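So the structure is just underneath, and the comments pick up after that.
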Amino acid sequence: MKKGQVSLEFLFIFMIFTLILIYSIRMTTFESGPSVEVARTQISLEEKALADAISNTISQVYAHGPGSKSTTYVHLTYLRWKTQIERVYGINNPSIFITYKNGTCVTIKGVSWIEEGGNKTVFCSESLLKVDWSNNGTIYNPSTTHAGNQGLEIPVEKLKKTLKIVVEWNPDKSPEWSYNEAEGTLYINIGIG
């Protein structure tokens, strides 16, 4: 082989690898096409995992009765990714919205409330505790409303990488849901007498 042929082959292979790299970067930045669907799926899976973690912790405390307490830790990646949530859903300053209707429901505030089907945006997880706190804004701190449901709103930039969920059943206190930003703790007292 001549020296010029090796250079052309090398250049050709280099160009192919460069194109593959550019395509890969474009896919992982979630700018368009299938990558937006991948990002939406990852966000949705994490919403469902968060709803499950909260409901399971509430169920555990409820099963043990008054005076019981339990702590769960949830690792969050996609629900903290503000720019991608904004890009995927076309909203500004996204927040996580959490409410309780016989179980925990989690969604992104500002997105249409769809509980069923392929375009589902609300992810719920049933619990042993069958109460509907979605119409009781006084127990949520900070309280907000989304699609007629009252619940807890947490801006995504205030979420910690590891969310600590503390649930207790103190019948001497009223039901309460609050988020401590400094500690990254979601506190819930089921407080039923």
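The values are calculated or read from the model by the stated rules, or taken from the named source; none is laboratory data. Quick caveat: nothing in here was measured; it's all calculated off a predicted structure. Please note: Cβ atoms are built from the backbone with ideal geometry, for glycine as well, and neighbour counts cover all protein chains shown. Just so you know, the surface numbers come from the protein's heavy atoms only, side chains and all, with ligands and any DNA or RNA stripped out. Shrake-Rupley method; radii C 1.70, N 1.55, O 1.52, S 1.80 Å.
Compactness of segment 34-187 is given as radius of gyration and Dmax, 14.9, 51 Å, from Cα positions. Counting only protein heavy atoms and using a 1.4 Å probe, what share of the accessible area of the chain belongs to carbon plus sulfur, as a whole percent? The computed percentage sits at 55.
Beyond a 20 Å Cα-Cα separation, which of these cross-linked pairs lie in this structure: K130/K158; K109/K173; K109/K158?
On the way: K130/K158 29 Å; K109/K173 29 Å; K109/K158 14 Å.
Among K130/K158; K109/K173; K109/K158, the Cα-Cα distance tops 20 Å for K130/K158; K109/K173.
Just the accessible area per residue of the chain, please: how many Å² with a 1.4 Å probe?
Numbers: 10540 Å² over 193 residues.
Counting only protein heavy atoms, the per-residue value for the chain is 55 Å².
For the chain, the longest principal axis of the Cα atoms and the long axis of helix 3-28 meet at an angle of about 20 degrees. Our summary gives segment 92-193 a relative contact order of 23 percent, counting only alpha carbon pairs under 8 angstrom and 6 or more residues apart. Structure remark: mean-square fluctuation, Gaussian network model of the chain, C-alpha springs under 10 Å; the largest value among G118, G103, G151 belongs to G118. Annotation note: GluC sites (Glu not before Pro) in segment 100-145 located in DSSP loop regions with a Cβ neighbour count of at most 11 within 10 Å are E116.
Could you work out the relative contact order of the chain? I mean the mean sequence separation of Cα pairs under 8 Å and 6+ apart, divided by the number of residues, in percent.
Details: 363 pairs, mean separation 39.2, N = 193.
Answer for the chain is 20 percent.
Would you list which aspartates and glutamates come within 18 Å of K120, measuring only between C-alpha atoms, while excluding same-chain residues fewer than 8 positions from it? Reachable aspartates and glutamates: E37, E46, E47, D52, E86.
Normalised by the number of residues in segment 148-193, the average gap of Cα pairs under 8 Å and 6 or more apart makes the relative contact order 39 percent.
Computed 3J(HN,Hα) for segment 134-146, one whole-Hz value per residue from the Karplus formula 6.51 cos²θ - 1.76 cosθ + 1.60 where θ = phi - 60°, is 6, 10, 10, x, 5, 8, 9, 9, x, 8, 8, 10, 9, glycine and proline marked x. Taking amide H as placed 1.01 Å from N in the peptide plane, the amide H of S95 sits under 5 Å from that of K109, V156, each at least 5 places away or on another chain. When the chain is treated as a Gaussian network with alpha carbon springs shorter than 10 Å, the biggest mean-square fluctuation among Y100, Y78, Y89 belongs to Y89. Axis angle, to the nearest 10 degrees, between helix 34-64 and the longest C-alpha principal axis of the chain: 30 degrees.
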